[in-house]
1. Going residue by residue through region 20-31, is there one that turns out to be touching a residue at least 60 places away in the same chain (Cβ under 8 Å) and surrounded by 15 or more Cβ atoms within 10 Å (Cβ to Cβ)?
2. Answer yes or no: is there a residue in region 46-59 that is touching a helix residue (DSSP H, G or I) at 6+ places or on another chain (Cβ under 7 Å) and closer than 27 Å to residue 119 by Cβ.
3. Please list, ordered by first then second residue, the pairs with beta carbon atoms under 6 Å, 6 or more apart or interchain, first in region 106-125 and in contact (Cβ under 8 Å) with a residue 40 or more places away in the chain, second assigned to a helix (DSSP H, G or I).
4. Determine if region 85-95 includes at least one residue that is at pLDDT 95 or above, farther than 13 Å from residue 4 by Cα and surrounded by 19 or more Cβ atoms within 10 Å (Cβ to Cβ).
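The values are calculated or read from the model by the stated rules, or taken from the named source; none is laboratory data. Since the model is a prediction, treat every value here as computed from it, not as a measurement. Every residue, glycine among them, receives a Cβ derived from its backbone with ideal geometry; neighbour counts consider all protein chains shown.
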């Protein structure tokens, strides 16, 4: 269970998979069916400031990602589109600053809950 808290103290708690080692972070949502993605976001923990890059190869649909700074604040939220086999370029999604964590969810998760950069932070148990 993880919790996001906004600047007024409102909270949103939800179950999430924790990816805190290299193997789990590398796997992400590759080869995972959309129903599982819908039910279980992934929290990537980097163990310190890190400049991650995410690709969407072997992912069945778009994802939203929130990059979390060293204070737990959401620095930015981006939509990631899946890599299309045979496309010339394979998009890579990077954080704009070194971050300590990232949260991947199904598309629209952050919008649906009113979660915006600068106003929300991640709290881990």
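1. Yes, because at least one residue in region 20-31 is touching a residue at least 60 places away in the same chain (Cβ under 8 Å) and surrounded by 15 or more Cβ atoms within 10 Å (Cβ to Cβ).
2. The answer is no, given that none of the residues of region 46-59 is touching a helix residue (DSSP H, G or I) at 6+ places or on another chain (Cβ under 7 Å) and closer than 27 Å to residue 119 by Cβ.
3. Close Cβ pairs satisfying both conditions: 106/37; 106/38.
4. There is at least one residue in region 85-95 that is at pLDDT 95 or above, farther than 13 Å from residue 4 by Cα and surrounded by 19 or more Cβ atoms within 10 Å (Cβ to Cβ).
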